[in-house]
Amino acid sequence: MKHSTDPHHSVTHQPEVSVLGEHTSAACLWWCVSLCVLLTLLLAAGRPVLAQTTRIIFLHHSCGGNLIEQGGVREGLKALGYEFYDHGYNGEGLRLADGSYTGTNFYVPGDNTDPDGFAAIFAQPLHDPPDNTFSYLMQYDVIAFKSCFPVSNIGDDEQLAEYQSYYRSIRDRVDQYSDKVFVVVTQPPQVPASSDPEEAARARAFVNWLQSDEYLAGRPNVFVFDFFGLLAGDDDFLRPEYRVDEYDAHPNERANREIGPLFVAFINQAISSYEGGRPRPTPTPPTPAKLTARPPTPSVSLPTLGLGMIDDFESAAGYWETNTATGSAVECGPDTGTAHGGAASLRVHYSIAPGGWVDCGRSFESPQDWSDGEGISLWLRSDGTAQWITLMLFAGDADEPTPFEVDFEITSESALGWRQVGFSWASFARAEWADEGGLAELDPARVTGYGFSLGADETSSEGTLRVDDLYLSPGAAPPLSIPAATPTAVPTTPAEEAAEEPGEKTGEGEEPAGGICPGAALPLGMLTVLLAGRRRKQVCAPG
């Protein structure tokens, strides 16, 4: 294997040696060279994988992140002398060998790690310096990559054939780089509640094909770690003992603790196979004894869904509250069927009367510390309805939190797929309708709730918005793929403010750049009082 260049490597110059004679010098040089060659061969024969530092990169999403954290993957590979790097969602980005985030990412197109996404990545040109995902990956010696469990929903034989064609194109590109090791990590299986036996059987057929001679023959630098096979039962679904619940296909901690060491051993054996011509590794299915013999891996502090994760909406835990103007309606809560990652997302179905608004949000039992991040990122998908949205964060005193908000627009393009949007903490401005006192600036260490507000101008608006994978951004917030804007509200006069009663309908008024009265209040438990205060203070000017 041709190892990646270490930019910190320095050249050591040897001092000159006195020469007693031409023949003596030649003899000494010959013996020194022979001794060095012999020692090198002995080291290589004894343990080729540790002959020099090998850099490994693993491209994954949430299941891969959990495998790393709960399965001790980084620690295990480090103990073998490797440098292990990994890259999750673009919002998380690259982690270094010591596990720290860099605040940078590989620009994975659409954050797509399905077979078509990987095919697109491996079709990218190789550039130096790197400016695309493929070029970044090729800076490493070993490139491992994995799709998530939705890939196990293979609806028909045509889709199965399509997946195979994507991986053939990946293999054809890999054939051009025999100095690198590539490890395909098969996707996890689904749970019965989110699939059916026919889909599961096709998922099994797909991973079996990836491990077959048809795919691997003649390619000593390509390996397949059968994550699916280690997780699935005889019915080709995620084994019951490895499930979080009946709806969630993320492998649980037990699964990751058992399979993590197998993944470490497989990577080590794959490199040995490549460098020493040894047989391909085949992981042995875990046994209960391995689980009890292994000490527990230290748990990750908030958030528990994975470092940087705020909410993946896979669980119905957490009560979502709604509020609407007269004549408008909204349904809000986790829902399966469409998701960016996993099996569920937050579904917001709204019907907004002219000049109306709807709110959807949740509060926390105690303030959350999000100060480890530099901002927040989330994924959005709509049904194609253009809509202004206010993202709101509440922070400070749990009983009297201060509202902060940022406004952005979704367009008809969002119906084409999931789009990522991100904001730094500095993007959130203190709401104009906030009561006196409280925080002057957002304190991410004291977040008490968050939510979304949508409104309409003189025409009604109806549609469905989905939100998924809410993350803390480890560095600067990721670039916006949905345009952001800051609508300008028209200040109300004292007469207008006094004229409005708490129970009156509001929302008639000025149309900002996107066409709505921006930033409706969020009724989150104690925040209901704030809502009433906002409705009194923020009255859109007559149109």
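The values are calculated or read from the model by the stated rules, or taken from the named source; none is laboratory data. As the structure is a computational prediction, the values presented were derived from the model and not from experiment. Don't worry about glycine lacking a Cβ; one is built from the backbone with ideal geometry, like all the others, and counts go over all protein chains shown. These accessible areas exclude ligands, DNA and RNA; they are computed on the full protein's heavy atoms, side chains included. Shrake-Rupley method; radii C 1.70, N 1.55, O 1.52, S 1.80 Å.
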At q = 0.21, 0.22 Å⁻¹, what base-10 log of I(q)/I(0) does the Debye formula yield for region 67-181 when every alpha carbon is treated as an equal point scatterer in vacuo?
-1.32, -1.38
Using 7 Å Cα-to-Cβ label points, what is the residue 366/residue 196 separation (nm, one decimal)?
4.7 nm
May I have the convex hull volume per residue, in Å³, for the Cα set of region 157-266?
103 Å³
If you scale each eigenvalue of the Cα gyration tensor by 5 and take the root, what three semi-axes come out for region 198-238, rounded to whole angstrom and sorted largest first?
22, 11, 5
Give me the dipole magnitude in Debye, nearest 20, for region 307-398 about the Cα centre, with unit charges on the beta carbon: positive for Lys and Arg, negative for Asp and Glu.
380 debye
Taking the reciprocal of mean 1/r across every pair of different Cα atoms in region 173-221, the Kirkwood radius in Å is 12.8 Å
Work out the P(r) tail for region 333-386: percent of alpha carbon pairs separated by more than 15 Å, whole number.
68 percent
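Based on the alpha-carbon gyration tensor of region 127-214, what equivalent-ellipsoid semi-axes (square roots of 5 times the eigenvalues) come out, in whole Å, largest first? Walk me through the intermediate numbers first.
On the way: eigenvalues 163, 39, 25 Å².
Working through the eigenvalues yields semi-axes of 29, 14, 11 Å.
Considering only protein heavy atoms, with the full assembly of protein chains and a 1.4 angstrom probe, order 405, 158 by accessible area, largest first.
Heavy-atom accessible area, descending, gives 158, 405.
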Probe 1.4 Å - accessible area at residue 441, Å² to nearest ten
140 Å²
Base-10 log of normalised Debye intensity for region 322-428 (one unit scatterer per alpha-carbon) at q = 0.12, 0.15 Å⁻¹:
-0.50, -0.79
Give me the 1.4 Å probe accessible area per residue for region 199-272, excluding ligands and nucleic acids, in Å².
35 Å²
If you count only protein heavy atoms and use a 1.4 Å probe, how large is the accessible surface of residue 165, to the nearest 10 Å²?
50 Å²
